Structures are given as structure tokens and as C-alpha cells.
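A short worksheet on the structure shown next.
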Amino acid sequence: QVQLVESGGGLVQPGGSLRLSCAASGSITFYTMGWYCQAPGKQRELVARISSRFATNYADSVKGRFTISRDNGKNTVYLQMNSLKLEDTAVYYCNALNIYDAREYWGQGTQVTVSS
């Protein structure tokens with residue numbers, strides 16, 4: 001079974017930065033990998049995603065502030081988060097799509113808290 005393990009969350013002040021990492025087990029190259037966030041009392045929402053050939057897509061709220069990247073050799077996806085805002089506070093979940101079994105896989109989540 002595929003496992004996705006996130007790291008890099010924490011507590012930062014507004015305007016600060018964090019870099020999230022998500023490492024996938026095994027050697028599967030996922031069709032897409034991405035990051036979703038879920039704030040208290042809200043639905044899980046797409047933050048950013050990246051294809052196996054490095055095409056990217058971002059939520060409007062993070063464009064110009066966040067950058068998603070991946071290293072296929074390490075089977076890892078990253079999210080560089082700059083200019084963080086209070087409203088970015090959420091649990092961030094790694095997501096990966098395997099087209100061969102038509103399944104999406106999820107990490108356990110990592111907490112990002114932006115507070116003064």
C-alpha cells in the first residue's frame with residue numbers, strides 16, 4: 001500500500017515562510033501530486049498540484065506566494081510557502097494520483113499555523 005509522509009509544518013508569523021515536503025513510498029511515479037488544505041470547520045481544498053512532467057496549477061489565493069515542485073528521483077513533492085497569511089492556517093495534506101489503479105492517496109497531514 002502506498003504511503004505519503006508529510007513534514008515541514010509549524011508555527012510562523014504573518015509574512016514568514018515554510019517549506020513542506022511529502023515523500024512517497026516505493027518507486028511509483030504518480031501522474032499528479034499535490035497539496036490540499038483543510039481549515040477548522042471547512043472542506044478540504046486544493047492548494048497546488050504538479051504533473052509528472054512538471055506542469056503546475058494553483059489556487060487563486062496562493063498564486064504568487066506558493067511554489068510547488070517535485071523530484072521524481074526521490075519521489076517527493078514540495079510546497080514552498082512564502083508571505084504566509086493568517087488565513088493560510090490549516091492542516092496541509094499531500095495527495096497523489098496513480099492512473100494505473102485510478103486511486104488517489106493521501107498523507108496524514110501536517111499542521112501550518114500562522115499567528116502573531
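Considering only residues of segment 37-53 that are closer than 20 Å to TYR105 by Cβ and assigned to a loop (DSSP other than H, G, I, E, B), which is most open to solvent (accessible area, probe 1.4 Å)? Give the steps one after another, and end with the answer.
We begin by selecting, within segment 37-53, every residue closer than 20 Å to TYR105 by Cβ; these are 37-38, 43-53.
Imposing the further condition that a residue be assigned to a loop (DSSP other than H, G, I, E, B) reduces the set to 43-44, 52-53.
Numbers: GLN43: 152, ARG44: 90, SER52: 30, ARG53: 197 Å².
Of everything passing the filter in segment 37-53, ARG53 is most open to solvent (accessible area, probe 1.4 Å).
I need every pair where a residue in segment 93-107 that is surrounded by fewer than 16 Cβ atoms within 10 Å (Cβ to Cβ) has its Cβ under 8 Å from the Cβ of a residue that is not in a strand (DSSP E or B), sequence separation at least 6 or different chains.
Final answer for the pair search is ILE99/TYR31.
Might you let me know whether segment 16-26 holds any residue that is in a loop (DSSP other than H, G, I, E, B), open to solvent by 80 Å² or more (accessible area, probe 1.4 Å) and not hydrophobic (A, V, I, L, M, F, W, C)?
Of segment 16-26, the ones in a loop (DSSP other than H, G, I, E, B) are 16-17, 25-26.
If we keep only those that are open to solvent by 80 Å² or more (accessible area, probe 1.4 Å) as well, we get none.
No; the residues of segment 16-26 include none that is in a loop (DSSP other than H, G, I, E, B), open to solvent by 80 Å² or more (accessible area, probe 1.4 Å) and not hydrophobic (A, V, I, L, M, F, W, C).
Looking only at segment 54-70, how many residues end up being open to solvent by less than 60 Å² (accessible area, probe 1.4 Å), farther than 13 Å from LEU84 by Cβ and part of a strand (DSSP E or B)?
Residues of segment 54-70 open to solvent by less than 60 Å² (accessible area, probe 1.4 Å): 58-59, 62, 65-66, 68-70.
Keeping just the survivors that are farther than 13 Å from LEU84 by Cβ gives 58-59, 68-70.
Restricting the remaining residues to those that are part of a strand (DSSP E or B) gives 58, 68-70.
Summing the residues that are open to solvent by less than 60 Å² (accessible area, probe 1.4 Å), farther than 13 Å from LEU84 by Cβ and part of a strand (DSSP E or B) in segment 54-70 gives 4.
Could you list all residues from segment 71-92 that are open to solvent by 50 Å² or more (accessible area, probe 1.4 Å), more than 16 Å from CYS22 (Cβ to Cβ) and over 14 Å from the mean Cα position of the chain (by Cα)?
Passing the criteria: SER83, LYS85, LEU86, GLU87.
Would you pick out the residues in segment 72-84 that are in contact with a Ser or Thr (Cβ under 9 Å, 6 or more places away or on another chain) and over 14 Å from SER25 (Cβ atoms)?
Going through segment 72-84, the residues in contact with a Ser or Thr (Cβ under 9 Å, 6 or more places away or on another chain) turn out to be 72, 75-84.
Of everything in segment 72-84, those that are in contact with a Ser or Thr (Cβ under 9 Å, 6 or more places away or on another chain) and over 14 Å from SER25 (Cβ atoms) turn out to be ASN72, TYR78, LEU79, GLN80, MET81, ASN82, SER83, LEU84.
The values are calculated or read from the model by the stated rules, or taken from the named source; none is laboratory data. Source: prediction; values computed, not measured. Cβ sites come from the backbone with ideal geometry, for glycine too, and all protein chains shown count toward neighbours. Please note that ligands, DNA and RNA were not included when accessible areas were found on the heavy atoms of the full protein model with its side chains. Shrake-Rupley method; radii C 1.70, N 1.55, O 1.52, S 1.80 Å.
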